[in-house]
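No value in this document is a laboratory result; all are computed from the given coordinates. From a predicted model like this one, the values you see are computed outputs, not experimental measurements. Glycine gets a Cβ as well: all are built from the backbone with ideal geometry, and neighbour counts include every protein chain shown.
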Amino acid sequence: MFGLMQDWPLLCHRIIDHAATQHAGRQIISRSVEGPIHKTTYAELRARALRVSQRLDREGIRLGDRVATLAWNTWRHMECWYGILGIGAIYHTVNPRLFPDQIAWIVNDAQDRILLTDLTFVPLLESLAGKLPTIESYVVLTDAAHMPKTTLKNAVAYEDWIASVDGDFAFLDLDENTAAGMCYTSGTTGHPKGVVYSHRSNVLHSMMASTADAMGVSSRDVVMPVVPMFHANCWGMALTGPMNGATMVMPGPRMDGASIYELLNDYRVTCTAAVPTVWLMLLQHLESTGSTLPYLDRVVIGGSACPRAMTKKFQENYGVDVIHAWGMTEMSPLGSLCTLKPEYVDLDGEGRLDIQSKQGHPPFGVEMKITDDGGRNLPWDGKTFGRLKVRGPSVARAYFKDEGGSILDEEGFFDTGDVATIDRYGYMQITDRSKDVIKSGGEWISSIDLENLAVGHPKVAEAAVIGVRHPKWDERPLLVIVLKKGETAGKNELLAFMEGKIAKWWMPDDVVFVDEIPHTATGKIQKTALRDRFKDYVLPTAEAAE
Ligand code: AMP
């Protein structure tokens with residue numbers, strides 16, 4: 001016998017319907033790309049999202065079509081998300097920090113039909129347009145007054161674009177399993193892979209993220225997602241905020257310490273989230289100006305491990321609670337948050353910081369296990385570490401176009417590629433990652449790409465790239481080189497060889513020459529041994545950042 005409850009599909013646009021009905025006047029405050037602060041409300045945002053839907057519909061965008069966005073966190077970007085998914089099309093967030101050729105590859109793989117871009121990226125797109133045959137038109141997220149002269153095909157200013165329809169339109173009724181959003185993740189091997197979120201997974205993920213032991217978002221909160229909407233689904237915050245009727249503050253293109261502080265303070269933000277690099281810049285700003293954070297209640301820190309000193313500073317110097325969080329694009333992205341269960345809540349000082357160094361426990365909707373290489377479950381003793389695997393309604397079951405084939409084990413768990421311990425109270429801690437990507441400011445640099453490039457130099461016998469700790473960017477690449485017998489070369493010669501072939505920020509911060517690179521039994525470079533050897537290595541750029 002089935003239950004006798006209503007069939008009410010979990011659709012993302014119901015979130016903005018709810019916000020506009022229950023929290024109509026609540027504000028979305030953005031730093032616009034043009035400069036000034038812009039304010040709107042949920043009621044207005046929904047009305048304009050409907051215009052986006054109507055305009056896309058008029059252009060022939062249909063169920064399952066991909067619409068790309070290359071944009072910062074602003075009210076316009078939010079309108080676009082809801083407008084796109086409201087007709088069953090898919091918002092595809094493109095990360096502008098990728099190397100241009102990767103952007104082209106991703107847009108082509110997704111077969112995006114329309115590209116909505118901020119002013120910032122118009123020159124980039126003009127240089128790439130010849131490589132983007134699937135794009136039928138470009139919408140520049142600005143008004144006529146700021147619209148640049150551009151060679152982009154069928155380019156139109158967003159404000160004109162949505163003004164050309166009357167907004168008399170309704171979001172579509174869809175199956176809750178319809179695709180809503182898409183985000184590519186760059187692995188260590190092969191091409192980037194597309195993760196495809198559904199309406200249902202996004203709604204359930206937002207409910208999970210809202211719970212008191214996760215981010216605990218309410219209508220009394222002022223929420224500022226500093227994590228970009230193009231990074232891992234914005235940690236769900238562009239959906240979680242409206243779901244709970246929170247006031248939203250969107251930081252636009254400026255993420256430096258002073259700009260973030262200005263928004264935190266002027267708009268009394270209570271809850272914010274970003275990678276450690278952003279918070280490092282904020283803390284430096286606070287220290288150099290003697291400012292305080294009287295309104296901020298909690299800061300969610302993830303994307304890479306939150307340094308203990310950062311947690312300590314936020315909590316002890318500024319009275320702001322740190323919630324260490326872990327997740328990944330494939331998980332929508334939240335996997336665990338380090339809020340304190342009764343077993344740990346009375347801890348203080350170093351004992352509390354020990355627990356907060358862990359990545360925390362999963363909310364309802366994420367199941368975890370750790371296994372050995374043979375898939376056998378390992379104990380939850382806080383010491384034994386193994387492959388971290390996850391299962392749940394907002395975890396990917398396959399990649400777009402089935403890239404990489406089957407990604408689940410026989411119990412339906414997805415291997416995260418991370419290595420972790422889990423303690424007896426269910427707190428997970430990442431100890432290593434099976435991937436060797438370098439995390440710089442929350443973005444990934446592929447060590448393999450750099451190695452492949454470096455070994456292309458005629459004097460190089462072997463190259464390895466590892467991430468070395470950096471006070472500002474978390475990690476930066478260190479290039480380790482073995483020269484061919486009898487050859488001599490300096491750092492500058494190698495760097496000059498690589499320059500122009502990769503994104504500027506992918507360039508190694510330093511080069512060291514060694515006689516030999518350690519290998520595993522199967523002939524692979526032993527990254528762990530290299531990391532051990534260079535664990536105290538001080539990059540020249542690190543000294544400058546301190
Ligand atoms: P992404 O899909 O770009 O969000 O990257 C996901 C990966 O980032 C995870 O698989 C982890 O390796 C890493 N990661 C995310 N959060 C944390 C954290 N709090 N501590 C350590 N690593 C993290």
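Which of the chymotrypsin sites (Phe, Trp or Tyr not before Pro) across segment 249-358 are loop residues per DSSP, with 14 or fewer other Cβ within 10 Å? Loop-located and lightly packed - Tyr295. Here r is the Cβ-Cβ distance between Phe2 and His519 and R0 is 51 Å; the resulting FRET efficiency, rounded to 0.05, is 0.30. Summarising the strand pairing of the chain, around 55 percent of its internal DSSP beta bridges are antiparallel. Counted over segment 438-545 with a bin width of 10 Å, the fraction of Cα pairs per bin, in whole percents, is 14, 49, 32, 4. For Arg254 and Glu543, the difference between the fully extended length at 0.36 nm per residue and the C-alpha to C-alpha distance is 101.6 nm.
Projecting the Cα positions of Gln284, Tyr197, Phe413 onto the charge dipole of the chain (unit charges on Cβ atoms of Lys, Arg, Asp and Glu, taken about the Cα centre) puts Gln284 furthest along the positive direction.
Here the simple spin-label model places points 7 Å from the Cα toward Cβ, and for Asn265 and Thr488 these points are separated by 5.5 nm. Think of each Lys and Arg Cβ as +1 and each Asp and Glu Cβ as -1; about the Cα centre, that makes the dipole of segment 399-488 roughly 660 debye. Electrostatic tally near Leu337: other residues with Cβ closer than 11 Å to its Cβ, Lys and Arg +1, Asp and Glu -1, net +1. For the chain, the mean residue ellipticity at 222 nm estimated from helices alone is -8000 deg cm²/dmol, where every DSSP H run of n ≥ 4 contributes -39500 (n - 2.57) and the total is divided by all residues, rounded to the nearest 500.
Return the loop-located chymotrypsin sites (Phe, Trp or Tyr not before Pro) in segment 367-427 (DSSP other than H, G, I, E, B) with at most 16 other Cβ atoms within 10 Å of their own Cβ; answer none if there are none.
Here the chymotrypsin sites (Phe, Trp or Tyr not before Pro) that fit, given the DSSP loop and packing criteria, are Tyr425.
Dipole size of segment 438-545 about its Cα centre, with +1 on Lys/Arg Cβ and -1 on Asp/Glu Cβ: approximately 120 debye, rounded to the nearest 20.
Here's the picture: charge each Lys and Arg Cβ at +1 and each Asp and Glu Cβ at -1 in segment 229-340, and of Ala274, Gly303, Pro251 the one pushed furthest to the positive end of that dipole is Gly303.
Subtracting the Cα-Cα distance of Ser219 and Asp166 from 0.36 nm times their residue separation leaves 16.0 nm of extension gain.
Length gained on full extension, Glu403 to Arg424: 3.9 nm, using 0.36 nm per residue less the C-alpha separation. Each of His18 and Lys501 was given a label point 7 Å from its Cα along the Cα-to-Cβ line. The distance between the two points is 5.2 nm. In sequence order, segment 286-292 has phi-based couplings of 4, 5, 6, 10, x, 7, 10 Hz under the Karplus curve 6.51 cos²θ - 1.76 cosθ + 1.60, θ = phi - 60°, and Gly or Pro positions carry x. With Cα atoms as the point set, the radius of gyration and Dmax of the chain evaluate to 23.5, 80 Å.
With both labels modelled 7 Å from their Cα along Cα-to-Cβ, the Glu411 to Phe99 distance reads 3.9 nm. For the chain, a simple Cβ point-charge model (Lys and Arg +1, Asp and Glu -1, everything else neutral) yields a dipole of about 220 debye relative to the Cα centre.
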